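K.L.:
Encoded as structure tokens, here's the structure I'll be asking about.
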Amino acid sequence: MNDVLNKKVEELELSIRAMRALRDNEIPTVGELLKWSRKDLLRLPNVGKLTVNELNYALGYLDLNLKDMEKVNLEEIKPEVVTSEEEKPEPEENPVLKQLQREMCVKARMAAELSFENIMKKESGTSIEVSNLFSEHQKVMDMYEQSIYKLFER
């Protein structure tokens, strides 16, 4: 058990966002991570619900869980091996894919907010510059809209 508790969080299969959050908040090992509850992690900078769920999911592979969260039953969500094309599960049924799509929505929203901030900071400019800003903003908004649609497609 000590091997698992002393395992570096870098050895877990985590997103860059989750790894940064753990590094920035000085959580170097699985043992240290297990001391945190969902509620406490959510209070940390740059840690949201997706990151907490990702951490608990990664701990599930070690048959562990965060303080106030249930263990992830990996058998329920592990895709079965299928041979025929018709029996393959739809991508939306895959929780990892769903989580990645949610992350895309979050990133697209952040890009949209940043784009809007850039427009609001612009104090003067030619009509072409303003038109280019709005054109770029529209592209970001379209990307955001598409990521939300993909999240809810069935």
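No lab work stands behind these numbers, since they all come straight from the coordinates. Since the model is a prediction, treat every value here as computed from it, not as a measurement. Positions of Cβ are backbone-derived with ideal geometry, glycine not excepted, and every protein chain shown enters the neighbour counts.
K.L.:
How do Ile148, Ile119, Ile128 rank when sorted from fewest to most other Cβ atoms within 10 Å of their own Cβ?
P.N.:
Fewest-to-most ranking of Ile148, Ile119, Ile128: Ile128, Ile119, Ile148.
K.L.:
Would you mind calculating the relative contact order of the stretch 2-77 from Cα pairs under 8 angstrom and at least 6 residues apart, reporting the percent as a whole number?
P.N.:
29
K.L.:
Given the convex hull over the Cα atoms of the stretch 2-77, what projected area results after averaging over all orientations, in nm²?
P.N.:
4.6
K.L.:
A further question follows. How would you order 11-19, 100-108 from highest to lowest mean count of nearby Cβ atoms within 10 Å?
P.N.:
Answer by packing, highest mean first, reads 100-108, 11-19.
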